[in-house]
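The values are calculated or read from the model by the stated rules, or taken from the named source; none is laboratory data. Keep in mind the model is a prediction, meaning the values are calculated, not measured. Cβ: placed from backbone, ideal geometry, glycine included. Neighbour counts: every protein chain shown.
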Amino acid sequence: MTEVRTNPDRDGDTGLIPAPLSVDGPHPGTVRLGGQTALAAAPGTEDTARWLRATLGDAFGLPLPPGSGEASDTLALALDPALPAEGYRLEADARWGVRIAGGGPAGVFWGAQTLRQLLGPDAFRRAPLAPGRPATLPEQTVEDAPRFGWRGLMLDVARHFLPKDGVLRYVDLLAAHKLNVLHLHLTDDQGWRIEIRRYPKLTETGAWRERTKLGHRASPLWDPRPHGGYYTQDDLREIVAYAARRQITVVPEIDVPGHSQAAIAAYPELGNTDVIDTTSLKVWDTWGVNPNVLAPTDTTLRFYEHVLEEVLELFPSRFVHLGGDECPKDQWKASPAAQERIAALSLDGADGLQSWFVRHFDRWLTDRGRRLIGWDEILEGGLAEGAAVSSWRGCAGGVAAAKSGHDVVMCPEQQVYLDHRQHASPDEPVPIGYVRTLEDVYRFEPVPPELTDEQAAHVLGTQANAWTEVMDSQQRLDYQVFPRLAALAEVAWSRLPAPPLRDYRDFAHRMSAHYARLDALGVDYRPPGGPRPWQRRPGLLGRPIDGAPPNV
């Protein structure tokens, strides 16, 4: 394995994050991009050329007119099939300008993101700070390619709705860190966020709750204002297209058969009507594991097939996430209809019933050229043949799946749940779960050592998860996600030594440059010294736990 070459003394001025495979330089010469600099875009690089004209054009007032790749003073983009698909080579030379070659369109785009970092924090602003301020970078050559193909963030927009512009902003933040998957958690007990035209009550009723618990569910405080919102199908088409131009795949999550009270509140026939009065259910206004789950009936199966038909039209992603987590079985155990189904199908109790439910949609998605992915509870009762696993309850589920030949995305809550507190100080806003510092996230290793090379090949990559029960605004979301997402981005992209040999000191040194980029982007991150006064939330009860897993 090729190791990352980093050197704090050499690289401190640029502070590239994620760390590249190799850097030759910087050398004494300086490359300047100015009013006469042309942009030469070879076929296949058009999206990156458009992005560069928008970002660097706004930041430095550069017109970047079309030009020839052979001319001097040129920013040239090209494809090089000798490079990996997401790999790139960036060459900056004062004699002719900047050349970025990528193994595919994604590689060219990631090279452009590196160029933006090399140009300094001003490149992350939306207008020039002063007329004529030059865009410069030192002469050097950067060669790079990612370790993992799945480098992501799960964004929970169900618990607290993030308007469309906020999602688009996060797409740009992921792109700036070379992350390529946005996993959108679109449905839960507390809200349904995707327009389904066949079933309008999912958003008319299911997208709105009457009030919201403030803090952990044990808190006595409530926000009495109704909360909700949803994305229209055109909103989602826009998000998906916007992300695709930035080489990011949007993976939708429709959570079944648990975490479904918002859907049952809209369509009571989806619940276990022979056990409870489902017509009395409303969109849930508090947090935790909800006992009201979908009924394992043909009516429910057909309903969610119809839902997924519209989901597939909106999201071209290969994977569709169907949740499968935290599904209490009490109602199924008490339901004569559920017990009849278990007997008729000769299933192994309620766990077997959940497995049957997941397997049904695994086959349904496979027949349409897609793949199911779900939280590691889908291992219970037997894993569907084509399913992949998001391993969240530690790495054990991912290890079991990989050893049985299933693909895995590693996202254990003990390391990469960004709703968890970042320090033990009482100043942390609504402290939840384990203390997970920036260094803790940086030291996370996605491939467990007990896997063989063949088994490790099933680890598609890793993602951080941002559950939003206590993140009720973009400001709060920023605080929890950053700067830790920068650490996860390096873990996912760079070929780092395994802990404890991983050099956090070098990463922290490069972060000193990266904070200025986040400032320019307007990210309300947690400062290294702790929360600013306006970032604290005194009086809001959290659930700080250092031992048992926290269920918010």
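Scanning segment 238-288 for residues that are β-branched (Val, Ile, Thr) and over 15 Å from the mean Cα position of the chain (by Cα) returns 254, 256, 264, 273, 275, 276, 278, 279, 283, 286. If the condition is being closer than 19 Å to residue 477 by Cα and among the acidic types (Asp, Glu), then segment 404-436 contributes 413, 419, 427, 428. Close contacts from segment 380-398, counting a first residue that is free of Cβ contacts under 8 Å to residues at least 40 places away in the same chain and a second that is among the acidic types (Asp, Glu) and in a loop (DSSP other than H, G, I, E, B), with Cβ to Cβ under 8 Å and a gap of 6+ residues or different chains, come to 381/348; 389/407.
What do you reckon, is residue 367 surrounded by fewer than 16 Cβ atoms within 10 Å (Cβ to Cβ), of a type in the set (Asp, Glu) and under 29 Å from residue 342 (Cα atoms)? Taking the combined requirement at face value, the residue satisfies it. Scan segment 240-259 and tell me whether some residue there is surrounded by fewer than 19 Cβ atoms within 10 Å (Cβ to Cβ) and under 18 Å from residue 289 (Cβ atoms). Within segment 240-259, none of the residues are surrounded by fewer than 19 Cβ atoms within 10 Å (Cβ to Cβ) and under 18 Å from residue 289 (Cβ atoms).
Tell me, please, whether a residue that is free of Cβ contacts under 8 Å to residues at least 40 places away in the same chain, more than 18 Å from residue 317 (Cβ to Cβ), touching a helix residue (DSSP H, G or I) at 6+ places or on another chain (Cβ under 7 Å) and buried (at least 21 other Cβ atoms within 10 Å of the Cβ) can be found in segment 206-221. No; the residues of segment 206-221 include none that is free of Cβ contacts under 8 Å to residues at least 40 places away in the same chain, more than 18 Å from residue 317 (Cβ to Cβ), touching a helix residue (DSSP H, G or I) at 6+ places or on another chain (Cβ under 7 Å) and buried (at least 21 other Cβ atoms within 10 Å of the Cβ). Considering 392, 375, 356, the condition of being in the same structural domain as residue 184 (by TED's automatic domain parsing), in contact with a Gly (Cβ under 7 Å, 6 or more places away or on another chain) and over 17 Å from residue 455 (Cα atoms) is satisfied by 375 alone. If the condition is being of a type in the set (D, E, K, R), over 19 Å from residue 329 (Cα atoms) and assigned to a helix (DSSP H, G or I), then segment 360-389 contributes 362, 363. As a summary of the residue check, residue 348 satisfies the conditions (1) surrounded by 16 or more Cβ atoms within 10 Å (Cβ to Cβ); (2) among the charged types (D, E, K, R); (3) touching a Ser or Thr at 6+ places or on another chain (Cβ under 9 Å); (4) over 17 Å from residue 302 (Cα atoms) except for the one numbered (1).
If you filter segment 9-61 down to residues that are among the polar types (S, T, N, Q) and outside any helix (DSSP H, G or I), you find that the one that is farthest from residue 489 (Cα to Cα) is 36.
Evaluating residue 121 against the criteria (1) over 26 Å from residue 241 (Cβ atoms); (2) more than 26 Å from the chain's Cα centre (by Cα) leaves one unmet condition, (2).
Select from segment 281-306 the residues that are touching a helix residue (DSSP H, G or I) at 6+ places or on another chain (Cβ under 8 Å) and not in a loop (DSSP other than H, G, I, E, B) and list them in ascending order. It would help to see each step written out before you state the result.
Just the residues of segment 281-306 that are touching a helix residue (DSSP H, G or I) at 6+ places or on another chain (Cβ under 8 Å), to begin with: 281-284, 290-297, 299-301, 303-305.
If the condition is that a residue be touching a helix residue (DSSP H, G or I) at 6+ places or on another chain (Cβ under 8 Å) and not in a loop (DSSP other than H, G, I, E, B), then 294, 299, 300, 301, 303, 304, 305 are the ones that fit.
Taking segment 129-148, which residues are of a type outside the set (A, V, I, L, M, F, W, C), outside any strand (DSSP E or B) and modelled with pLDDT of 95 or more? Explain how you work it out, then say what you get.
Our first condition is that a residue be of a type outside the set (A, V, I, L, M, F, W, C); within segment 129-148, this holds for 131-134, 136, 138-141, 143-144, 146-147.
Okay, now just the ones that are also outside any strand (DSSP E or B), so 131-134, 139, 146-147.
If the condition is that a residue be of a type outside the set (A, V, I, L, M, F, W, C), outside any strand (DSSP E or B) and modelled with pLDDT of 95 or more, then 139, 146, 147 are the ones that fit.
Need at least 3 residues that are in contact with a Ser or Thr (Cβ under 8 Å, 6 or more places away or on another chain) per element, so show me which helices (runs of 4 or more DSSP H) inside segment 162-268 make the cut, counting only ones lying wholly within it. Outline the logic, then answer.
Details: elements: 164-176, 201-204, 233-245, 261-266.
Helices (runs of 4 or more DSSP H) meeting the threshold: 261-266.
One line per residue, one yes/no per condition, for (1) in contact with a strand residue (DSSP E or B) (Cβ under 7 Å, 6 or more places away or on another chain); (2) modelled with pLDDT under 95; (3) β-branched (Val, Ile, Thr); (4) surrounded by fewer than 16 Cβ atoms within 10 Å (Cβ to Cβ):
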position	(1), (2), (3), (4)
389	yes, no, yes, no
409	yes, no, yes, no
420	yes, no, no, no
424	no, yes, no, yes
440	no, no, no, no
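In segment 518-539, the residues that are within 22 Å of residue 127 (Cα to Cα) reach residues that are hydroxyl-bearing (Ser, Thr, Tyr) and assigned to a loop (DSSP other than H, G, I, E, B) with C-beta atoms within less than 7 angstrom, at least six apart or across chains, in these pairs: 518/525.
Just checking: which of the helices (runs of 4 or more DSSP H) contained wholly in segment 405-469 hold 2 or more residues that are of a type in the set (A, V, I, L, M, F, W, C) and over 20 Å from residue 383 (Cβ atoms)? Explain how you work it out, then say what you get.
Working: elements: 413-416, 438-442, 453-456.
Of the helices (runs of 4 or more DSSP H) lying wholly inside segment 405-469, those with at least 2 residues that are of a type in the set (A, V, I, L, M, F, W, C) and over 20 Å from residue 383 (Cβ atoms) span 438-442.
Against the list (1) over 19 Å from residue 121 (Cα atoms); (2) of a type outside the set (A, V, I, L, M); (3) more than 17 Å from the chain's Cα centre (by Cα), the condition residue 479 fails is (3).
Listed residues 468, 437, 462, 452; which is within 24 Å of residue 87 (Cα to Cα) and of a type in the set (Ser, Thr, Tyr)? Walk me through it before giving the result.
Numbers: 468 fails: within 24 Å of residue 87 (Cα to Cα); 437 fails: within 24 Å of residue 87 (Cα to Cα); 452 fails: within 24 Å of residue 87 (Cα to Cα).
Result: 462 is the single residue among 468, 437, 462, 452 that is within 24 Å of residue 87 (Cα to Cα) and of a type in the set (Ser, Thr, Tyr).
Among the residues of segment 126-144, at least one is in contact with a Ser or Thr (Cβ under 8 Å, 6 or more places away or on another chain), of a type outside the set (A, V, I, L, M) and crowded, with 22+ Cβ neighbours inside 10 Å. Of the residues making up segment 1-22, those that are surrounded by 18 or more Cβ atoms within 10 Å (Cβ to Cβ) and either at pLDDT below 95 or not aliphatic (A, V, I, L, M) (or both) are 4, 6, 11, 14, 15, 18, 20.
Restricting the search to segment 320-336, which residues are outside any helix (DSSP H, G or I) and over 15 Å from residue 376 (Cα atoms)?
The first filter runs over segment 320-336 and keeps only residues outside any helix (DSSP H, G or I), leaving 320-329, 335.
Result: 329, 335.
Within segment 443-483, the set of residues being among the aliphatic types (A, V, I, L, M) and free of Cβ contacts under 8 Å to residues at least 24 places away in the same chain comprises 457 only. Figure legend. Inter-residue proximity from segment 305-323: first residues on the phi > 0 side of the Ramachandran plot, second residues of a type in the set (Gly, Ala, Ser), beta-carbon distance below 8 Å, spacing 6+ or different chains. Indicated pairs: 323/258; 323/374. Here residue 151 meets each of (1) without any contact (Cβ under 8 Å) to a residue 24 or more places away in the chain; (2) assigned to a strand (DSSP E or B) with one exception, condition (1).
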